[in-house]
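**Student:** Okay, handing you the structure first.
Nothing in this text is a laboratory measurement; each read-out follows from the coordinates by a stated rule. As the structure is a computational prediction, the values presented were derived from the model and not from experiment. Neighbour counts are summed over all protein chains in view; Cβ atoms, including those assigned to glycine, are modelled from backbone coordinates with ideal geometry.
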Amino acid sequence: MKGAIVVDTERCKGCQLCIIACPQKVIAMAGKVNLHGYPYVEAANEESCVGCASCGIVCPDGCITVYRKKVEE
């Protein structure tokens, strides 16, 4: 299974709950702020994402969309 996440950076408030929840250590703080002045997260290690959706489940603002694709081997 291959996964990918998309973070709505304008809605993210930088609570970092998704960083803690991610078992693959895919998500990290971006080091920038959005238009509202909040620091936000980004997919820093995208190739490790397995699409488990733990990040999307714990996000209190629903900022993370998770995509999954079955990879043929």
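**Student:** What residue, of 71, 50, is in contact (Cβ under 8 Å) with a residue 40 or more places away in the chain and surrounded by 11 or more Cβ atoms within 10 Å (Cβ to Cβ)?
**Tutor:** Details: 71 fails: surrounded by 11 or more Cβ atoms within 10 Å (Cβ to Cβ).
Just a single option satisfies the conditions, and that option is 50.
**Student:** So which of 66, 26, 58, 50 is β-branched (Val, Ile, Thr) and out of contact with any helix residue (DSSP H, G or I) (no Cβ under 7 Å at 6 or more places or on another chain)?
**Tutor:** Within the list 66, 26, 58, 50, the selection yields 50.
**Student:** Being loosely packed, with under 13 Cβ neighbours inside 10 Å and either more than 12 Å from the chain's Cα centre (by Cα) or under 11 Å from residue 4 (Cα atoms) (or both) is the filter here; which residues of the stretch 15-32 pass it?
**Tutor:** If the condition is that a residue be loosely packed, with under 13 Cβ neighbours inside 10 Å and either more than 12 Å from the chain's Cα centre (by Cα) or under 11 Å from residue 4 (Cα atoms) (or both), then 31, 32 are the ones that fit.
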